[in-house]
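Take a look at the structure below.
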Amino acid sequence: MQALKHFSELQTFLAVAELGSFSAAAKRLGLARSTVSTQVQALERALGLALFHRTTRHVSLTADGERYAARAGVLVSGLEELTAEFSQRAGRVAGRLHVQMTESIANTLVLPRMAEFLRAYPDLALRISLSERAPDLAAEGIDVALRLSDNKDSAYRYKRFGQVSFVMAASPAYLARFGVPRHPNDLLRHQTIDFFDADAGRAIDYVLVKGREEISVTADGDLAVDNARAGLTCALAGLGIYEDFDFLLRPHLQEGKLVRVLPDWRRPGPAVLALYPGGHQNSAPVRAFLKFLDMVLSPALKGGGVA
């Protein structure tokens, strides 16, 4: 068997062997489950061996599969490192990069600049996933996860780009009709567009800080959303006072479509972190993407607020 000819099948086989599941391997590799199954079967035919025991609920390595996985893992890892090393020496960043990002920061700050990254690294295949949940990087084959979180998982390395703040705003039409709140307690007499936390089963209360003073206001408005884009749309339509991250509201404040409310009060937000597995810190694609994120995010997050 010509090993290089079957290199992709080897990578697929090792993913199934590690995860014990064709479906999980397909998710990690970004392939259809049928493709994963076909590639493993092709490898088994080339070897003339059954590599897996298969049942309707479980996949496990045969004795031959275990021996083959041990040897193949060393070979594949070595070839990947060799390819990366010489690509870097030639000044190229090549390979595949799977990035997961929280939707709000991806659509607002990162994706509008993504063309610059792709032009700089034309030999890099990029896969982007948008999700608000915290991922299992290793199990899902994610190289970099961009999160809005202060929870720094000790299992991962991380790079911090800055911190966001929450800002309150409303449309000029709403404020002209209902007036401008002067104190956080005034929110109780206004229509607020609350953010509904599905996990908690209730809307998130407002916690506003001014110097050493902190005031909590119960979120009990008649309108609640569980999506930032929906909340912003409602605010622009004049349906109430809305609180969200500063970088999401900034362009609408600058254009005058929204007006900041209670500017002397604010709620500190989470840090913006890029998480990546410890073994990836020397990966050229990961280093390139972290450098790109630093170029894009650091200026946007400088100061952590809205002027």
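Throughout, read-outs are computed from the coordinates displayed, never taken from laboratory work. The shown structure was predicted, so the numbers you read here are calculated from the model rather than taken from an experiment. As a convention, Cβ positions derive from the backbone with ideal geometry for all residues, glycine included, and neighbour counts pool all protein chains shown.
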#### Entry: Phi to ³J(HN,Hα) by Karplus 6.51 cos²θ - 1.76 cosθ + 1.60 over segment 198-214, Hz, x for Gly, Pro
5, 5, 7, x, 7, 6, 7, 5, 8, 10, 10, 10, 9, x, 8, 8, 10
#### Entry: Shape call, segment 165-269: gyration tensor on alpha carbons, a/c limit 1.5
rounded
## Note on the structure
So, relative contact order of the chain in percent, Cα under 8 Å, 6 or more apart, is 21 percent
## Note on the structure
Once phi for every residue in segment 227-242 is put through the Karplus expression 6.51 cos²θ - 1.76 cosθ + 1.60 (θ = phi - 60°), the whole-Hz ³J(HN,Hα) values, with Gly and Pro written as x, are 9, 5, 5, 5, x, 5, 4, 5, 5, 5, 7, x, 8, x, 8, 10
### Task
Report the label-to-label distance for ALA176 and SER60 in nanometres (one decimal), using points 7 Å from each Cα along the Cα→Cβ vector.
7.3 nm
### Task
Calculate the spin-label point distance for ALA134 paired with ARG287, positioning each point 7 Å from the Cα along the beta-carbon direction, and give it in nanometres.
2.9 nm
#### Entry: Placed amide H near PHE52: partners under 5 Å, 5+ positions off or other chain
THR62
### Query
If packing is taken as the mean number of other Cβ atoms within 10 Å per residue, what is the order of 38-48, 208-218, 100-110, highest first?
100-110, 38-48, 208-218
### Task
Rounded to the nearest 0.05, what FRET efficiency do ALA32 and SER216 give with R0 = 45 Å and r taken as the Cβ-Cβ distance? Could you check?
0.35
### Message
Test of understanding: extend the Cα→C-beta vector of ALA42 to 7 Å, then name every residue of segment 116-130 with backbone N under 19 Å from that spot.
### Response
none
### Residue-wise HN-Hα coupling along segment 95-106, computed from phi with Karplus coefficients 6.51, -1.76, 1.60 (Hz; x: Gly, Pro)
x, 10, 9, 9, 10, 10, 9, 5, 4, 4, 6, 5
### Query
Which translational diffusion coefficient, to the nearest whole µm²/s, is obtained for the chain from the Stokes-Einstein equation, given a Kirkwood hydrodynamic radius over C-alpha pairs, 4 °C and 1.567 mPa s?
58 µm²/s
